[in-house]
Structure formats: C-alpha cells, structure tokens
Amino acid sequence: MFFNSFARPRTWLAGVAVIAAVAVVWVAMSNGNAGAAGAAGSTSPTVVTAASASPSAGQTDPNRYPFGAPTGNGDFKVPPPPEEATLVPTIGTKTTQRLYGADPFEEAVSITQHIWPAALPENAPGENDNDPDRPWALTLLTPDDPLTDITATPLIHFPDDAPVLYVTKSGVPQVTLNEIKRLGDTGISRYNNVDAFLVGAAANPAVANQLKSIGLITAEVTAPTVPELADKVDQLYGSIENPDTGVANMGNGMENVMIGSMDGKDYQYLLPATHWVAHMASGLAWVTKNSVPQATVNLLKRRGGQARIYLFGGPDQISGTVAKQLAQYGTVLRVTNNDIVAFNANPVDNPVDTAVAFAKMWDPMGMVGWKITGPGHGFTLVNINDWQAAVASAPLSHLGFHAPLLFTTGPTQLPSAVDGYLSSVAPTYLTTPADGPYNMTYVIGSWDQIGWAQQTHVDYISEMGNRRLWNQNTGGRYSDSSQ
C-alpha cells in the first residue's frame, strides 16, 4: 500500500489531460487565437473538441477550475540572473522543457542559452577546453534556405563544437548579436582559432564586417550548388576532425554518410540526420529521387569504397536506381518505416515515421541510430513545418541529454506514431520511482508551433508509472534500450 501514493494510473489521468486540453482550447478561442492551442491526444479516451465541450464565452469551466479561475497575468515574473541580463526564462514541466522562440532567431538563441551558460571567464584555468561552459565556435546561417542549413550541420560536432545561430543577408539581428557576445566562444584551436563559420548566404559583407568589428575570426563556406556545398562542408569538417585522411570517421574507422533527397519537401526526411551528425562524426550529402550529383559522387569516393550510406526515406524519395548507383561506393541502408517482416506491402513513408524509426534504430556495423526503445533518454519535439527549429536544435543531440529529433504536425495534438512511441518508452518502476530513470522532451518554438496542451500531454505520457499496476500497459525500464 505504501507505493500507491506514487502511482496515479495513466488510464485515470487521461481524463484530466483531456479536460485540461479542452480548457486550453476555450481560452485560446476567447482570445481570438483558436489556432494556437487545442485538445491534446490521449492514450485511450475520445478527444473532446472545443465545439462539443467548451463553455460559453464568459463562463469558467468548473472541471478545470473547481475553486474559481485565477486572475491576472502571472503573480510574479522570473528575472534573468543578475550576471546575465539577456538570458530568457523558459517554461518547463516535470518531463518537458519549452525552449521558446517566436521566430528562428529567438529559437536558436533559446537553445544555445540552455546548453552553454558561459559563466566562467575565458582566462579561467581549463576554460579553453571547458565545452560544457562555452562553445568553441559558431555556425551562422540564414533562416530562408532549408537545404543549405541542413547541409551545414556536420560543423556542429566536435572538434568544431559550433552551434547554429541565425543571421540575415543584411547583418546580425540584435538578439543574435547579444547571444554571440554572451557566449564568447573560445575559437577552434585546431582550425586557426576561427570563431564562426559563415555558411551560404550568411557569408555576406554586412555579417562579416559586423563580426570583425567585435573581434571574431570568421571563415566563409560557400559553393555554387547545394551538393557542392555539402562536398565542401565534408572536406572542411574532415580536415579538422581527421587531418590524417581528411575524411570524418567514427573513431572506429567507420565512414558514415547520411543522404537525403533535394526534391520538394523531401528534405524533411533528412532533418533527423541533422541531430545525428551533431552527435557523431558523419558526412551529409544530397541526391534527387532519380539522380546522383557529381559532387555527391566525389564525397563518397573520398571514402575509398568503405562508406556506410544511409538513405533517409523510401523509394518515393530516393529510387532503387539511385540506391544501386550509390552502392558502388559502399554499403547502402535505408532509414524508413518499412520492415519486410512486419509489412506484406511497402507502407507509405512520411517524415514523422522516419524520425521515430531512426530514434529506435541501431546499426552496430556503422554504430548509427539512437537505439532508444526504453526510458532514460531525452527527445527534441519540433513542428514539422518549422525546419529552422529542427536545424537549430541539433546541439541538443550534441551535449546534455543527446536528444534525437521527433516531429509533431500541428499545435494541438501529437501524431499517433509519436504518441505511441513516447508512451512506450515512458519509465516505470518496480520498487520506488526514486530509482528512475526519467525522460526529458525539449519542446521547441512558440505556442503557435506546439501548444501548451500538447506540451502537457507529452509530460503526462512521459511520467513515471508503477509497473506492478494491473492496468499499466505502457513504459519500460532503462535496460530495454540495451539491445
């Protein structure tokens, strides 16, 4: 009986989650912003919609506020620490952390503020190597070109340690400039003490001159086409990470390359790879559905036939003909929702399922895949339409919880595949919830991108549960990810 105090069965709490979501919908509608929030998905009850269950305007839902609704606009405000006036307080729950931004510039700053406190002076003993405190460099991008920005993400990983911040074609916005100053990167000792890579359109005179005026050393990374840019990034990163051969490798000799399609919005399938290349030394390259650019061939040839090539998406994104062509340069594997044992016919692939598949996947030969099939891990949740947040949040897989990327498709409700996955890896205990482990999901962006009801639903399905309860049918233990 002692442990009953720890255990609120998720089946009972699901009703509370739906009631809370309905109340949030009503509040959003009364403020003229119904698109910013909605009913959260739950594991079993029918989702109640605003049209069927919201109170009339001017009424308070007694199920949400049984003792009356609170008034005002927050009884107190959280100030930044006196030492860092530009830090922005964020909103978290037990198992989620909102990294808020109303635009890509703010989103990127929220992420770097969360990861790097930059609390010690640069002349503190060991600070040049103290990556947990301040980064070694920056990767500056413009938030208007998904292919270019995805291409730049290998530069995030060690030994560059260069998180993403966004600039414009005409200069550095104030929010970004303040964060550059706050971070005070050390410069990459292995690469001429460069402070910032200016990639693509970020390599413009206005940005370069503005950064030079405050003392940053910059390096421009540009090319005529996206595949050629990927080849150039690969050569640059390889020369820093592995100067012996100039080809990035995993430390065990594996030379992995993540490949996506440039057609339409098929780049969304490759977005989960941005978090992987920020986590492990890898190449990143491009094809179209039916062709392989010469720059991609050049990138693969540098690996001398030893490349392990991961194609993100199914044959509708990258054809079998292209896969066969790429197989001349190494071993080809697909990252997709397909499985020849589970499915008689090929399922229709989509970026949401691909991200979940990659979070679960493990290829021991290439040491690729997050291998997360149990609790004790971090996740990054981004709206699929906010590719800028997906790119900027890649450092969350570089340090800290090492949180792979998952997608939602709107502000109100998790896709069923993501809801089911997060429920399946929720932690459960046998003796006491103090034993852990626990999960953490970073929720990126504004309330319009991912609403409060959706964030609280993620918190609810990620909470610790009692594995001995007769009706506990989701979750697991840390050892479940060991295979």
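The values are calculated or read from the model by the stated rules, or taken from the named source; none is laboratory data. In this text the structure is predicted, and so the values were computed from the model without any measurement. Ideal geometry is used to build each Cβ from the backbone, glycine not excepted, and the neighbour counts take in all protein chains shown. Calculation scope for accessible area: heavy atoms of the full protein, side chains included, ligands and nucleic acids excluded. Shrake-Rupley method; radii C 1.70, N 1.55, O 1.52, S 1.80 Å.
With the other protein chains left in place, how much accessible area per residue, in square angstrom, belongs to segment 174-284 at a 1.4 angstrom probe?
Numbers: 4040 Å² over 111 residues.
On a per-residue basis, 36 Å².
Rolling a 1.4 Å probe over the protein heavy atoms of the chain, with every protein chain left in place, gives an accessible area that is 54 percent carbon and sulfur.
Can you pull out the chymotrypsin sites (Phe, Trp or Tyr not before Pro) in segment 73-133 that DSSP calls coil and that have at most 11 other Cβ atoms within 10 Å?
F76
Compute the projected area of the convex hull of the Cα atoms of segment 211-337, averaged over all viewing directions, and report it in nm² to one decimal place. Show your work: numbers first, answer last.
On the way: hull surface 35.5 nm².
Taking a quarter of the hull surface, the average projection is 8.9 nm².
Geometric descriptor of segment 264-401, per residue, is 124 Å³ (volume of the convex hull of the Cα atoms).
Each residue of segment 415-431 was assigned a 3J(HN,Hα) from its phi angle through the Karplus curve 6.51 cos²θ - 1.76 cosθ + 1.60 (θ = phi - 60°); the sequence is x, 4, 5, 6, 4, x, 5, 5, 5, 5, 9, 5, x, 10, 10, 9, 10 Hz, with glycine and proline shown as x.
Charges only on Cβ, +1 for Lys and Arg, -1 for Asp and Glu: so what's the dipole of the chain about the Cα centre, in debye to the nearest 20? The partial results should precede the final answer.
Working: 26 positive and 41 negative charges, 216 e Å.
Charge dipole of the chain: 1040 debye, to the nearest 20.
Cross-linked pairs K77/K169; K77/K181; K181/K360: Cα-Cα separations exceed 29 Å for K77/K169; K181/K360. With contacts taken as Cα pairs under 8 Å at a separation of at least 6 residues, the chain carries a relative contact order of 18 percent.
Against the chain, whose longest principal axis comes from its Cα atoms, helix 452-461 is set at around 90 degrees. Comparing V172, L183, P159 along the charge dipole axis of segment 159-198, the residue lying farthest to the positive side is V172, per the Cβ-charge model.
Of the peptides 191-201, 220-230, 385-395, the order by per-residue mean of other Cβ atoms within 10 Å, starting with the highest, comes out as 385-395, 191-201, 220-230.
The mean accessible area for residues of segment 353-483, using a 1.4 Å probe and ignoring ligands and nucleic acids, is 33 Å² per residue. Under 5 Å from the amide H of L138 lie the amide H atoms of A196, F197, each residue being 5 or more positions distant or on a separate chain, with H modelled from the backbone and absent for Pro and chain starts. Each stretch of four or more DSSP H residues adds -39500 (n - 2.57); spread over every residue of the chain, this sum gives -8500 deg cm²/dmol at 222 nm. On full extension, the segment bounded by L177 and N192 gains 3.2 nm, given 0.36 nm per residue less the C-alpha separation.
So, with +1 on the Cβ of K and R and -1 on the Cβ of D and E, and no other charges, what is the size of the charge dipole of segment 175-236 about its Cα centre, to the nearest 20 debye?
On the way: 5 positive and 7 negative charges, 54 e Å.
With Lys and Arg at +1 and Asp and Glu at -1, about 260 debye.
Relative to the globular-protein estimate of 2.2 N^0.38 Å, the Cα radius of gyration of the chain stands at 1.00.
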